[in-house]
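Structure first, commentary second.
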Amino acid sequence: MVKRQVRAEGIRFGTELRRIRLNAGLTQGQLARAVNVSTSLMSCFERGTHWPRRDVAEALDRATGASGHLIRLWVELSNRQAYPGWLGELVEAEPQATLIRDYAPLAVPGLLQTEAYARTVIEAANSLATPRQIDELVAGRMRRQRIWESAEPPAMVTVIAEPVLTSPIGGPVVMNSQLEHLISQVEKHRIRLQVIPADTRLHPGLAGMFLLLSFRDRADVLYVENAVSGTMIHEPDQVRRMSMLFGDLQAVALSPERSLNRLNEIRRQFRGTPEAVA
């Protein structure tokens, strides 16, 4: 069993486990014996302070007659457990969005990163992490990109500061591949990308990255992130203000056509370096 901080995922699973157990007419002790764990550990499951292994979750599902409901919930919440707690809400919301607007002043947006680029920036931001932890974070970031494989992927508009594209993050080979990927996404009409030129003297996006999620059946949501955490903001005035700011950023950025030309120019520069050619 894995002991974790009490998180929304653990509480949700534990609450549902308790509800199903009671509906089945079982005490904690009876269910614990049925799945071969202690009563105290069963209590921890229901409080959300311990996360069960998959085999235990499957046994709980069988013992309570949940007909697959508990294991499906376990899989759903385990996907969120793979991310830092502050990122889980964003990861859950992205596939439901109809439009994602992303401002990227420091790095290529996570939904558009290649695996090599993602590994480079994740390693830089998590210098104390073990190789296994880095692998898990990279895998989690790649899983987020499955939204592009859905039947109705969201539209995405991203405004990127030019230094993000010209900085040799990971070296010329990594950046050349990352730029190729961005160009491909633009040419496939999966995203609309605009570049803020490096020589822009002053623009309204100096406060940091943010993204806005729009949905078919609920209000827009704002996500902001700093070096250590991120926050989902639902307050309408703040969402409205940042939506206007995003429009201002688009106004100072190059047009989508000129931005694509600039991407190709930068890519040719990286391809011309000895390392990229090799």
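Report, by residue number, each residue of segment 180-199 that is assigned to a strand (DSSP E or B), within 24 Å of T98 (Cα to Cα) and β-branched (V, I, T).
The initial filter retains those residues of segment 180-199 that are assigned to a strand (DSSP E or B), namely 191-196.
Retained after the next criterion (residues that are within 24 Å of T98 (Cα to Cα)): 191-195.
Matches in segment 180-199: I191, V195.
Comparison of E136, E180, E152 shows that the only residue that is of a type outside the set (K, R) and in contact with a helix residue (DSSP H, G or I) (Cβ under 7 Å, 6 or more places away or on another chain) is E180. Would you call V224 crowded, with 16+ Cβ neighbours inside 10 Å and assigned to a helix (DSSP H, G or I)? Considered against the rule, which asks whether it is crowded, with 16+ Cβ neighbours inside 10 Å and assigned to a helix (DSSP H, G or I), V224 comes out as no. Screening G14 with (1) touching an Asp or Glu at 6+ places or on another chain (Cβ under 6 Å); (2) farther than 27 Å from L87 by Cα; (3) small (G, A, S) gives one miss only, at (2).
Contact map, segment 51-76: first residue closer than 16 Å to L41 by Cα, second residue loosely packed, with under 12 Cβ neighbours inside 10 Å, Cβ cut-off under 6 Å, separation 6 or more or different chains; pairs are W51/V2. Where residues in segment 60-70 are part of a helix (DSSP H, G or I) and at pLDDT 95 or above, which of them is surrounded by the most Cβ atoms within 10 Å (Cβ to Cβ)? Among those residues, the one meeting the criterion is L60. Only one entry in L211, L202, L254 is outside any helix (DSSP H, G or I), over 27 Å from A151 (Cα atoms) and either out of contact with any Pro (no Cβ under 7 Å at 6 or more places or on another chain) or charged (D, E, K, R) (or both), namely L202.
Look through R201, R216, R190, R258 and report the one residue that is modelled with pLDDT under 95, surrounded by 12 or more Cβ atoms within 10 Å (Cβ to Cβ) and not aromatic (F, W, Y). Let's see the steps before the verdict.
On the way: R201 fails: surrounded by 12 or more Cβ atoms within 10 Å (Cβ to Cβ); R216 fails: surrounded by 12 or more Cβ atoms within 10 Å (Cβ to Cβ); R258 fails: modelled with pLDDT under 95.
The match here is R190.
I'd like to verify a number: residues in segment 42-57 that are assigned to a helix (DSSP H, G or I) and crowded, with 17+ Cβ neighbours inside 10 Å, how many? Final tally of qualifying residues: 6.
What number of residues within segment 36-56 are of a type outside the set (D, E) and over 20 Å from I11 (Cβ atoms)?
Step one: of segment 36-56, the residues of a type outside the set (D, E) are 36-45, 47-54, 56.
If we keep only those that are over 20 Å from I11 (Cβ atoms) too, we end up with 36, 38.
The total comes to 2.
Among the residues of segment 143-168, those that are touching a residue at least 12 places away in the same chain (Cβ under 8 Å) and over 20 Å from the mean Cα position of the chain (by Cα) comprise A161, E162, P163, L165, T166, P168.
Tell me, which helices (runs of 4 or more DSSP H) wholly within segment 71-175 include 3 or more residues that are at pLDDT below 95 and surrounded by fewer than 17 Cβ atoms within 10 Å (Cβ to Cβ)? Before the answer, list the steps.
On the way: elements: 85-93, 115-125, 131-144, 162-166.
Once the helices (runs of 4 or more DSSP H) in segment 71-175 are filtered for at least 3 residues that are at pLDDT below 95 and surrounded by fewer than 17 Cβ atoms within 10 Å (Cβ to Cβ), what remains is 85-93, 115-125, 131-144.
The values are calculated or read from the model by the stated rules, or taken from the named source; none is laboratory data. All values derive from a computational prediction rather than experimental measurement. For neighbour counting, all protein chains shown are included, and Cβ atoms are generated from backbone atoms with ideal geometry for every residue, glycine included.
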